[in-house]
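Please read through the structure below; I'll follow up with questions.
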Amino acid sequence: MKSTDNTFSVEKAEESSGFLLWQVTNLWQREIKKALEQYGLTHSQFVLLASIHWLTLHKQEVTQVVLSNHTKIDPMTTSTVLRTLQNRGLLLRKEHLTDTRAKTVGLTEEGKQIIKKAVITVEKFDAKFFSLLGDKILEMNEYLTTLLGQK
């Protein structure tokens, strides 16, 4: 017997984009967490370390603000996670040469070694996880970029 309560605008849960995105995100994050355990990194730590490495390779000056904007991790969380990574000896934070409010961030040699291995692991996992999409992966990335408001 069908309910007469019309609280939801969809007939089936699978018709709710938000619910589907939430489910896929949870599945993906759960598996990423498992993949990163061998490096002793949380997902946020990985994203920040990988972003420092990426931005450095692309000749960008890396500050906490740049990292926060690049990763979409709020500034306070970024600072807290970076402090943890600094205490682990994976990165260095220094006063900015010209902006006294800013801190520059760079990887230590140990940080570089760990993130290079972790990136390979995560990229292999992503390739397998998203392989079900086949040739639609680029289209999905375009949709996600649109949702991030970057287009």
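The values are calculated or read from the model by the stated rules, or taken from the named source; none is laboratory data. Source: prediction; values computed, not measured. Reconstructed Cβ throughout: ideal geometry from the backbone, glycine too, with neighbour counts over all protein chains shown.
A quick yes/no check of all residues on (1) surrounded by 13 or more Cβ atoms within 10 Å (Cβ to Cβ); (2) of a type in the set (Lys, Arg); (3) part of a helix (DSSP H, G or I):
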{"site": "His70", "(1), (2), (3)": "yes, no, yes"}
{"site": "Ile115", "(1), (2), (3)": "yes, no, yes"}
{"site": "Ile120", "(1), (2), (3)": "no, no, yes"}
{"site": "Phe125", "(1), (2), (3)": "yes, no, yes"}
{"site": "Lys136", "(1), (2), (3)": "no, yes, yes"}
{"site": "Tyr143", "(1), (2), (3)": "no, no, yes"}
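Is it fair to say Glu31 is part of a helix (DSSP H, G or I), of a type in the set (Asp, Glu), touching a residue at least 24 places away in the same chain (Cβ under 8 Å) and surrounded by fewer than 18 Cβ atoms within 10 Å (Cβ to Cβ)? I'd like the intermediate steps shown before the answer.
On the way: part of a helix (DSSP H, G or I): yes; of a type in the set (Asp, Glu): yes; touching a residue at least 24 places away in the same chain (Cβ under 8 Å): yes; surrounded by fewer than 18 Cβ atoms within 10 Å (Cβ to Cβ): yes.
Yes; evaluated as a whole, the condition is true for this residue.
Any chance segment 83-102 includes a residue that's within 14 Å of the chain's Cα centre (by Cα), under 16 Å from Ala118 (Cβ atoms) and either hydrophobic (A, V, I, L, M, F, W, C) or surrounded by 13 or more Cβ atoms within 10 Å (Cβ to Cβ) (or both)?
Step one: list which residues in segment 83-102 are within 14 Å of the chain's Cα centre (by Cα), which gives none.
Among the residues of segment 83-102, not one is within 14 Å of the chain's Cα centre (by Cα), under 16 Å from Ala118 (Cβ atoms) and either hydrophobic (A, V, I, L, M, F, W, C) or surrounded by 13 or more Cβ atoms within 10 Å (Cβ to Cβ) (or both), which makes the answer no.
Filtering segment 53-68 down to residues that are assigned to a helix (DSSP H, G or I) and of a type in the set (Ser, Thr, Tyr), which residue is nearest to Val119 (Cα to Cα)? Before you say what the answer is, go through the steps one by one.
Let us first name the residues in segment 53-68 that are assigned to a helix (DSSP H, G or I), namely 53-57, 64-68.
When the remaining residues are screened for being of a type in the set (Ser, Thr, Tyr), the result is 56, 68.
Numbers: Thr56: 15, Ser68: 19 Å.
Filtering segment 53-68 for residues that are assigned to a helix (DSSP H, G or I) and of a type in the set (Ser, Thr, Tyr), the one nearest to Val119 (Cα to Cα) comes out as Thr56.
Right, here's the next one. Exactly one condition in (1) farther than 20 Å from Leu148 by Cα; (2) in contact (Cβ under 8 Å) with a residue 24 or more places away in the chain is not met by Val65; state its number.
Answer for Val65: the failing condition is (1).
Given the conditions (1) surrounded by 14 or more Cβ atoms within 10 Å (Cβ to Cβ); (2) not in a strand (DSSP E or B), report the number of the one that Gly149 does not fulfil.
(1)
Return a yes/no flag: does segment 92-99 have any residue that is out of contact with any Pro (no Cβ under 7 Å at 6 or more places or on another chain), closer than 16 Å to Gln64 by Cβ, at pLDDT below 95 and hydroxyl-bearing (Ser, Thr, Tyr).
So far as segment 92-99 goes, yes, one or more of its residues are out of contact with any Pro (no Cβ under 7 Å at 6 or more places or on another chain), closer than 16 Å to Gln64 by Cβ, at pLDDT below 95 and hydroxyl-bearing (Ser, Thr, Tyr).
Return the total of residues in segment 99-142 being closer than 22 Å to Glu31 by Cα and touching a residue at least 60 places away in the same chain (Cβ under 8 Å).
Here the count works out to 10.
Output the residues belonging to segment 41-62 that are over 10 Å from the mean Cα position of the chain (by Cα), without any contact (Cβ under 8 Å) to a residue 40 or more places away in the chain and farther than 10 Å from Val105 by Cβ.
Hits for segment 41-62 are Thr42, Trp54, Leu57, His58, Lys59, Gln60.
Please work out which residue is surrounded by the most Cβ atoms within 10 Å (Cβ to Cβ), limiting yourself to segment 40-52 and to residues that are in a helix (DSSP H, G or I) and not small (Gly, Ala, Ser). Break it down into steps so the answer makes sense when it comes.
Initially, segment 40-52 is screened for residues in a helix (DSSP H, G or I), giving 43-52.
Okay, now just the ones that are also not small (Gly, Ala, Ser), so 43, 45-49, 52.
Values: His43: 14, Gln45: 22, Phe46: 21, Val47: 20, Leu48: 28, Leu49: 26, Ile52: 26.
Out of the qualifying residues, it is Leu48.
In segment 103-130, how many are more than 17 Å from the chain's Cα centre (by Cα), more than 13 Å from Val62 (Cβ to Cβ) and of a type in the set (Ser, Thr, Tyr)?
Matching residues across segment 103-130 total 1.
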